[in-house]
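Trainee: This structure is in structure tokens; I'll ask about it shortly.
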Amino acid sequence: MTTRVVSVWRADPDSELGVAPDESLPRLSTQDAVRVANYLDGGAVVARTTARIGDPWSDDPTARVPLTQRTDGVWRWDDAVSYFVRHYNLSPGAEFLAYLRERGFSAPPVSAAEASAVADEVFGTPSVPSPDRPLRLDGTQLLPRDYYCVYQGRVFRCYDDAPRIDLLVSPGQGIPKGFEPKDARNAFVQTIAYKTVAASEVEAFYRVITTCRYKGAPFSIERIDGPRLRVSIGGGRRVKRTVQEAPSPTFNEWGHFPNAEVLGMGEILATIDIAEAAQVTMAIVPYHLVSGRLVPVRDLSGAGYPAPTADEIFYFPSPADSPYLPPAQALATIRDFLAAHDPAYPADGLTPERLRNGWRLTTNHPVDILYCVADDDQVSSAPAAAPVSKVSSQLSAEFRQRHPFVDPPPPHDTGTDLFA
């Protein structure tokens, strides 16, 4: 019997290997990532190699991604799959996950003869870097906010220029016959080919609205670059709150974030790691053309705002919360801490300096250490001479450990929540 292949790769002609990790695959909760990676690491070795390749999602050029081939007798994979699962919580696919859950994440024994047969299969098959990964509108991929449509049975991102529709081919997708190649990989909407068709030729229209909470504020996910997201404020999900809203930065405070750009009143862009995006939610909403304009099929407001039904909303593992600590509260926290633990430290004249996930409290007095307060109100210290980037990196690493990916139970959806 031929084994099935577990892969996290997608085609990428611009990369050194011709492939790249598929960022459209959703992430796993922290617990599931450990269980999946342990299962993969326990597979029987088919072909061992000490060769390693670089991690395209890391700034470190060290070759660290392993490539040893393994199998459980039904599926086969290389150790790169385990690497991206363990380091980035990357999902190896819904079908393989369902298979692991059915067997309780318990690997079957694989005999030497079975491993040898899989080795013959591996080396007897021409190397294919990665199959074409078509876009799917079934909630199994994490897609950026945009309009999508179905044309000749295939999903494409699209632009509405009624009565014409521009179909876009994303990196990692095969280019269908009749599409014009276009090298726009560095554009905000990455495209490798396009085709313009009449609106009447399109089978169905959808709007994908992918949202998250970042530092207590609602954002839309506009672009996915490996483990990083490009998000914009002002979008997101309008949930009817039954409790008081958590603190979030003011317009002026956003301007002090090192990873945010304030473009104008109410216009804020940020680049965040996917581990910082809390409550990741994606709605796939049917649209249709009315008088040459795309509008939601279901529009309860009458103003063009989509109100998805419960079965059109999908929830992805992510941190349950992304807290924000206002500067005044950071100062109060550190002064209370100093009074209890370091009363000799000069508490007057402290100035909060914004880091990515908290505050560094500077002082005009000569001191050997500076204190930091994370956005979840946890206090730490660092040498006063330490580079700010190193302090910020360490504070963020500790903050994320306290806010791991979880499998949030879907909230009760009435279908009346608005998405934008």
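The values are calculated or read from the model by the stated rules, or taken from the named source; none is laboratory data. Values in this document were obtained by computation on a predicted structure and should not be read as measured data. Cβ: placed from backbone, ideal geometry, glycine included. Neighbour counts: every protein chain shown. We work out accessible area using only protein heavy atoms, side chains counted, and drop any ligands, DNA or RNA first. Shrake-Rupley method; radii C 1.70, N 1.55, O 1.52, S 1.80 Å.
Trainee: Heavy atoms of the protein only, probe of 1.4 Å, neighbouring chains included. What is the accessible area of TYR83 in Å², nearest 10?
Mentor: That residue has around 20 Å² of solvent-accessible surface.
Trainee: Calculate, for region 117-215, the solvent-accessible area per residue in square angstrom, rolling a 1.4 angstrom probe over the heavy atoms of the protein chains.
Mentor: For region 117-215, the solvent-accessible area averages 47 Å² per residue.
Trainee: Can you compute the charge dipole magnitude of region 362-405 about its Cα centre, using +1 on each Lys and Arg Cβ and -1 on each Asp and Glu Cβ, nothing else charged? Give it in debye, rounded to the nearest 20. Walk me through the intermediate numbers first.
Mentor: Details: 3 positive and 5 negative charges, 32 e Å.
Here region 362-405 has a charge dipole of around 160 debye.
Trainee: Right, here's the next one. Calculate, in whole percent, how much of the Cα-Cα pair population of region 362-405 lies beyond 13 Å.
Mentor: Details: 521 of 946 pairs.
Across region 362-405, Cα pairs with separations above 13 Å total 55 percent.
Trainee: State to the nearest 20 debye the size of the charge dipole of the chain about its Cα centre, where the only charges are +1 on K and R beta carbons and -1 on D and E beta carbons.
Mentor: About 380 debye.
Trainee: Once you have a ≥ b ≥ c as the square roots of the Cα gyration tensor eigenvalues for region 24-69, tell me rounded if a/c is under 1.5, and otherwise prolate or oblate according to whether a/b is larger than b/c.
Mentor: oblate
Trainee: Against the empirical 2.2 N^0.38 Å scaling, what ratio does the C-alpha Rg of region 4-123 come to?
Mentor: Numbers: Rg = 14.1 Å, N = 120, 2.2 N^0.38 = 13.6 Å.
That ratio works out to 1.04.
Trainee: Still on this structure, I have one more. Please report the projected area of the chain's Cα convex hull averaged over all directions, in nm².
Mentor: 24.7
Trainee: Here is a further query. Any idea which of SER301, PHE188, VAL74 is furthest toward the positive side of the dipole for the chain, if Lys and Arg beta-carbons carry +1 and Asp and Glu beta-carbons -1?
Mentor: After comparing all options, I get SER301.
Trainee: Roughly how many Å² of ASP12 are accessible to a 1.4 Å probe, to the nearest 10?
Mentor: Spelled out: ASP12, probe radius 1.4 Å, area about 20 Å².
Trainee: Tell me the relative contact order for region 20-99 as a rounded percent, counting alpha carbon contacts under 8 Å between residues six or more apart.
Mentor: RCO, region 20-99: 35 percent.
Trainee: Can you tell which of SER381, SER91, SER322 shows the greatest fluctuation in a Gaussian network model of the chain with Cα springs below 10 Å?
Mentor: Per the Cα network of the chain with a 10 Å cutoff, SER381 tops the list.
Trainee: Report in % the part of the accessible area of the chain that belongs to carbon and sulfur, leaving out ligands and nucleic acids; probe 1.4 Å.
Mentor: Percent of accessible area from carbon and sulfur atoms in the chain: 52.
Trainee: Also, I was wondering about something else. Leaving ligands and nucleic acids out of the surface, order HIS403, HIS288, HIS256, HIS87 by accessible area at 1.4 Å, largest first.
Mentor: So the residues, ranked largest to smallest area, are HIS256, HIS87, HIS288, HIS403.
Trainee: Once the whole set of protein chains is in place, how much accessible area is left on ARG228, using a 1.4 Å probe, in Å² to the nearest 10?
Mentor: 80
Trainee: Determine the calculated [θ] at 222 nm for the chain from helices alone, applying -39500 (n - 2.57) to every DSSP H run no shorter than 4 residues and normalising by the residue count; nearest 500 deg cm²/dmol.
Mentor: Result for the chain: -5500 deg cm²/dmol, rounded to the nearest 500.
Trainee: Between ALA63 and LEU289, what length in nm is gained on full extension when 0.36 nm per residue of separation is reduced by their alpha carbon distance? Don't skip to the answer; put the middle values down first.
Mentor: Numbers: separation 226, 0.36 × 226 = 81.36 nm, distance 4.98 nm.
Full extension from ALA63 to LEU289 adds 76.4 nm.
Trainee: Relative to the Cα centre, what is the charge dipole magnitude of region 328-407, using +1 at the beta carbon of each Lys and Arg, -1 at the beta carbon of each Asp and Glu, and rounding to the nearest 20 debye?
Mentor: 260
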